[in-house]
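The values are calculated or read from the model by the stated rules, or taken from the named source; none is laboratory data. Computed from a predicted model, the values in this text were never measured in an experiment. Note that we place each Cβ from the backbone using ideal geometry, even for glycine, and neighbour counts take in every protein chain shown. Just so you know, the surface numbers come from the protein's heavy atoms only, side chains and all, with ligands and any DNA or RNA stripped out. Shrake-Rupley method; radii C 1.70, N 1.55, O 1.52, S 1.80 Å.
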Amino acid sequence: MSMLTPPGLGGKKFRVTGDVYPRMRPPRRRRRAILAALTTLVLLGLLGYGTLELVDVFSGDEDSSEARAGQVAEKQDCPGAPPARADLPEPSAITVNVYNATQRQGLAQDTADALAERGFTIGEVANAPASLDGKVSAPALLLGGAAAERSGALTVLGTQLEGADTGAPQPGGHGDEPDTVDFVIGDGFTRLSPAGESARRLAELSGQEASPSGDPSGSASASESPAC
């Protein structure tokens, strides 16, 4: 008998008998229950997501309409946009005196002809007086009194050229006439704004649509306020 054999065993051999053994894995029924619970949770999640998507689809049109309405209201109340005036005079009611303050010959007559084609009444065409000759760096200097500003004559003529400056009439000039504006051509002048662009700006100021021909004195129909 070995010294390692417990007392009383006498060196007998034993073997494990029986058909019941410890299980190392959970029963299959438990796994099936866990799998069913997970499947249920996934299905509930998909069902909730689909419901939210349907709600968004059916409410999207209403939200878009509210957004468009807000955009229109914002355009109609643009903080920096000039207010529309329905009482602006027609170009034909405005007499424009064209003066050339540059050294380029024939510029006054060419500009006067272009303004006449756009419907303005042309008055005097000549070189600028000595007080302005060679002293206008802007594309043009529009001279009109308070009456011309109130009547809108300065505003209407200003739509024909981008970047023009404005000022009071020269001493000995045409004074405070509501329908007369002096157009003094400066060194920065190249040409008038395109007729279509000028017509669009004038239409925005008067709250109208420009005629298809681009003529600022043509027929117009009502339109929305200009965008900012």
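Within segment 93-119, the set of residues being open to solvent by less than 10 Å² (accessible area, probe 1.4 Å) and either more than 13 Å from ILE185 (Cβ to Cβ) or charged (D, E, K, R) (or both) comprises ILE94 only. The set of residues in segment 151-163 being closer than 20 Å to GLU90 by Cα, open to solvent by 10 Å² or more (accessible area, probe 1.4 Å) and out of contact with any helix residue (DSSP H, G or I) (no Cβ under 6 Å at 6 or more places or on another chain) consists of SER151, THR155, GLY158, LEU161, GLU162. Only residues that are open to solvent by less than 50 Å² (accessible area, probe 1.4 Å) and in contact with a Leu (Cβ under 8 Å, 6 or more places away or on another chain): list them for segment 81-90, please. Answer for segment 81-90, where residues must be open to solvent by less than 50 Å² (accessible area, probe 1.4 Å) and in contact with a Leu (Cβ under 8 Å, 6 or more places away or on another chain): just LEU88.
Within segment 190-201, the only residue that satisfies the criterion of being open to solvent by 10 Å² or more (accessible area, probe 1.4 Å), closer than 24 Å to GLY145 by Cα and touching a residue at least 60 places away in the same chain (Cβ under 8 Å) is LEU192. Apart from one condition, ALA148 fits all of (1) open to solvent by less than 10 Å² (accessible area, probe 1.4 Å); (2) at pLDDT 95 or above; (3) of a type in the set (A, V, I, L, M); the exception is (2).
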